[in-house]
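A.B. asks: Please see the structure below; I have some questions.
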Amino acid sequence: MTMRTVDWTALRPHDEMPAAEGLRERKKRLLRRQLSDTATAMFMERGFDAVRVAEIADACGVSEKTVFNYFPTKESLVLDLGEVTMSSLGAILPDPDLSPVDATLKILSSELANITSWLSSQNDPAEARAMLLRFGTLMGSTPSLRAYQRDTADKQVAVAAEVLAQRTGMSPDDPEPQIAATALLALWPIQFRALRKHLNRTKTFEELHDAVSADVQRAARLIDIGLNSLETRPAQSEIQTSGPGAP
């Protein structure tokens, strides 16, 4: 198996075929996936800075302009899954039947399941594990990718803060939804580090899933204690009538 032929589809739930997808939409979806997978493979082989976008375009048989029509930046070619997380936050975090921590764990569990499913679908499990480690090394050793990750994380925090503000009757700029959103989004680095830690310590991918989930849930329990105090903010009129000098 070579990195050029690896299919990363299982890691991209948004690539599932829509029920009413037409031929044009299907071609666009597949080209987007091809561009990202090809770019990721080339970056992992040669390093992010050593690969030009024009080379990625040439490998996929399209123009450089076409690449940028699908991906606004070179970094987004390899970090497009952040958009999926953002969409999931907007869709699942508002669920009134789930606490903010439970909603976040639901998203993380789905993303972890996609990773372990991808691992188990590969012909060479050892190479698949090594490939994920190489991907982590690529991210950690490339300043522009780390910066892009931070920008994406800031956008995700903003989405989460907006939802939490709506759930509590606060403003997204209030400190409570801001710190709550920041804490919830901190579970993603916890999951990534746990995945890296347990990747070669577990024998089966089921054991890997359980070990990573256990680490994430330990961190989530601490966050849940704090978020239990995040209640609906009283109306301004209530504050005024119950404040100093009120009859």
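Nothing in this text is a laboratory measurement; each read-out follows from the coordinates by a stated rule. Values in this document were obtained by computation on a predicted structure and should not be read as measured data. Note: ideal-geometry Cβ built from the backbone for every residue, glycine included; neighbour counts use all protein chains shown.
A.B. asks: So if R0 is 35 Å, what FRET efficiency would ASP124 and THR182 give, r being the distance between their Cβ atoms, rounded to the nearest 0.05?
C.D. replies: 0.35
A.B. asks: ³J(HN,Hα) across region 136-149 via Karplus (A = 6.51, B = -1.76, C = 1.60, θ = phi - 60°), whole Hz, x for Gly/Pro?
C.D. replies: Per residue, the Karplus-derived 3J(HN,Hα) values read x, 5, 4, 5, x, 9, 10, x, 5, 6, 5, 5, 5, 4 Hz.
A.B. asks: Moving to a separate point now. Residue by residue through region 111-116, which ³J(HN,Hα) values in whole Hz follow from phi under the Karplus form 6.51 cos²θ - 1.76 cosθ + 1.60 (θ = phi - 60°), with glycine and proline marked x?
C.D. replies: Karplus-based 3J(HN,Hα) across region 111-116 equals 5, 5, 4, 4, 5, 5 Hz.
A.B. asks: Run the quick spin-label model on ALA113 and LYS155: label points 7 Å from Cα toward the beta carbon, then report their separation in nm to one decimal.
C.D. replies: 2.6
A.B. asks: When N counts the residues of region 21-74, how does its alpha-carbon radius of gyration compare numerically with 2.2 N^0.38 Å, as a ratio?
C.D. replies: For region 21-74, the normalised Cα radius of gyration comes out at 1.13.
A.B. asks: What full-extension length gain, to one decimal in nm, is calculated for SER229 and MET86 as 0.36 nm per residue of separation minus the Cα-Cα distance?
C.D. replies: Using 0.36 nm per residue and subtracting the Cα-Cα distance, I get 49.0 nm.
A.B. asks: To the nearest 0.05, what FRET efficiency results for LYS203 and ASP102 with a Förster distance of 30 Å applied to their C-beta separation?
C.D. replies: About 0.50, to the nearest 0.05.
A.B. asks: Same structure again: Using the count of nearby Cβ atoms within 10 Å as a rough guide to exposure, how do ASP49, ASP80 rank from fewest to most?
C.D. replies: ASP49, ASP80
A.B. asks: Quickly work out the CYS60-to-GLU45 label distance, labels modelled 7 Å from Cα along the C-beta direction, and quote it in nm with one decimal.
C.D. replies: 1.6
A.B. asks: Is region 81-230 rounded, prolate or oblate when judged by the Cα gyration tensor, a ≥ b ≥ c being the square roots of its eigenvalues, rounded requiring a/c under 1.5 and prolate requiring a/b larger than b/c?
C.D. replies: Taking the square roots of the gyration eigenvalues as a ≥ b ≥ c, region 81-230 is prolate.
A.B. asks: Let me ask something additional. Would you mind counting up the charge near MET139? Only other residues with Cβ under 13 Å from its Cβ, with Lys and Arg at +1 and Asp and Glu at -1.
C.D. replies: Summing Lys and Arg as +1 and Asp and Glu as -1 gives +4.
A.B. asks: For LYS106, list the lysines whose Cα falls under 26 Å from its own Cα; do not include residues on the same chain fewer than 8 positions away.
C.D. replies: LYS155, LYS197, LYS203
A.B. asks: Applying the Karplus parametrisation 6.51 cos²θ - 1.76 cosθ + 1.60 with θ = phi - 60° to the phi angles of region 27-43, what ³J(HN,Hα) value in whole Hz is obtained for each residue in order, glycine and proline being reported as x?
C.D. replies: For region 27-43, the Karplus curve yields 4, 5, 4, 5, 5, 4, 5, 4, 4, 5, 5, 5, 4, 4, 4, 5, 5 Hz.
A.B. asks: Let me ask you something else. I'd like the distance separating the alpha-carbon centroids of region 63-135 and region 21-38, in whole Å.
C.D. replies: Rounded to whole Å, the Cα centres lie 17 Å apart.
A.B. asks: Where nothing but the Cβ of Lys and Arg (+1) and of Asp and Glu (-1) is charged, how large is the charge dipole of region 21-74 around its Cα centre, in debye to the nearest 20?
C.D. replies: Result for region 21-74 is approximately 300 debye, rounded to the nearest 20.
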